[in-house]
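The next block holds one structure in the form of structure tokens; read it before the comments.
What follows draws every value from the coordinates through simple rules; no lab data is involved. Since the model is a prediction, treat every value here as computed from it, not as a measurement. Please note: Cβ atoms are built from the backbone with ideal geometry, for glycine as well, and neighbour counts cover all protein chains shown.
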Amino acid sequence: MTAEPDIVIVGAGAAGIGAARRLAGSGLAVQVIEALPRTGGRAWTRQAAGVPLDVGCEWLHSGDRNPWTRIAGETGFTVDRRPPAWASQHPDLGFPVAEQEEADRAFAEWSERLAAVAGTSDCAADALEPGGRWNPYLQALSGFISGDRLERISIRDYCAYDAASTGVNWRVKEGYGTLIAASFPESAALRLATPVEAIGLEGSGVWLATPAGTIKARLAILTVSTNVLAGGAIRLPPALDAWREAAARLPLGRDEKLFLEIVGTGPFAPESHATGDPYDASTGTYYIRPFGWPVIECFLGADGARNASQEGADAAFERAIGQIVRVFGAQARHHLRPLVASDWFGTPSIGGAYSHALPGHAAARGVLAQPFDDRLLFAGEATHATDFSTAHGAYESGQRAAEQAIAILQRHRRS
């Protein structure tokens, strides 16, 4: 590792890479350390069935203003700008068109009620229609969108993201994880499989204890997840209690993915979508043959992701296959084979999917983004005011923290 660098970046996910890219060429000595044996963090593309599968983040949300879209174009990656198939149920089995329209209206009406409820409550569940037929469906959508049930979602936080989003969702054919990992700057020193165990303050700088030894630096940029920051995996000085408390109010939701291989053809049309059971809050939602590939991608959110973690991958695959059979018929089972499953909740250096603010605590994002004593800076999707839960929000937060670091070091060199 670099001996006593100017800056240590903790985490080589989208935020850490954003910071490292901004610091490249600055003349500062930068050391990046990452607990995982790879770069990318919650962006991870795995090769299976002969195709690249994004086990983590996949969609270029707000793609028309997403910095990763620009980076993809500059580095030769393929951005697919076709609209996704989420808005339809193919082939209208298991979820008739009339019911789809009712469910869509229920979501629209819930969305409209958020503003009215916000005057007296910050809890998204308070905008549900009492006993509403489509409440389980709305809870399932909350799981896919935010990773948790509506009872644990801040209206203010949810609406901040919704207002900033352009609604444009694109994909990287080679994999979003591949793009992000490939964007790590060659000039930055990198140490993988090196978790931080403790952080302390020394003189005007910081020290970070790792299994490979202690690193001393002028300042550090922490990009670890809120669940790691709020938990006990990294011992922090008491002076950082406010940041730890802010992180606890921005927990990571529960979202997991399963990939099923399609054997033969089966009744599966390319670039189509099906909801497993719209009356079950734990339902999976299925993206079928993305890019025409022989796979079905299953998204599990909140209740569904929690069930998968508790029951294990085998049970989760069987549940997913059962829901697909419910939609497509018994013959579909013969064409499906378990392929890849994520386990973000069970990954110690991450502990979940992406952050959401608990009711009443949307302001915690601003607290978490504040520097501490010109020597500890914080980045990561949870610190972004509007683009949290996204890889581009994480990237922009890393760039912001790097700018802060440059300004701090310049100021101290002048004094």
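Can you tell which of ALA233, ALA332, ALA212 shows the greatest fluctuation in a Gaussian network model of the chain with Cα springs below 10 Å?
ALA212
Rounding to the nearest 20 debye, state how big the charge dipole of the stretch 88-214 is about its Cα centre with +1 on each Lys and Arg Cβ and -1 on each Asp and Glu Cβ.
The dipole magnitude comes to about 360 debye.
How compact is the chain by the rule of thumb for globular proteins, expressed as Cα Rg over 2.2 N^0.38 Å? Intermediate values should be presented prior to the final figure.
Details: Rg = 21.7 Å, N = 415, 2.2 N^0.38 = 21.7 Å.
So the chain has a normalised radius of gyration of 1.00.
Please check: in the Gaussian network model of the chain (C-alpha springs, under 10 Å), which one of LEU377, LEU222, LEU93 has the largest mean-square fluctuation.
LEU93
Summing -39500 (n - 2.57) over the DSSP H runs of n ≥ 4 in the chain and dividing by its residue number, what mean residue ellipticity at 222 nm do you reach, to the nearest 500 deg cm²/dmol? Intermediate results must be reported in sequence, preceding the final value.
On the way: 12 runs with 136 residues, N = 415.
Rounded to the nearest 500, it is -10000 deg cm²/dmol.
Name the helices (complete DSSP H segments) of the chain with a Cα length along the long axis of 18 Å or more and a Kyte-Doolittle mean of at least 0.0, or state none.
313-328
Please name whichever of VAL228, GLY213, GLY94 sits farthest to the positive end of the charge dipole of the chain, dipole taken about the Cα centre and charges placed at Cβ: Lys and Arg +1, Asp and Glu -1.
Result: GLY213.
Which one of GLY312, PHE345, GLY380 is farthest out on the positive end of the charge dipole of the stretch 287-415, using unit charges on Cβ (Lys, Arg +1; Asp, Glu -1) and the Cα centre as origin?
GLY380
Under the definition of Cα pairs under 8 Å and six or more residues apart, what whole-number percent is the relative contact order of the chain?
It rounds to 25 percent for the chain.
When the dipole is taken about the Cα centre of the chain, and only Lys, Arg (+1) and Asp, Glu (-1) are charged at their Cβ, what size is it in debye, to the nearest 20?
That gives the chain a dipole magnitude of about 1160 debye.
For the chain, give the share of DSSP beta bridges that are antiparallel, in percent and rounded to the nearest 5; count only bridges with both residues there.
70
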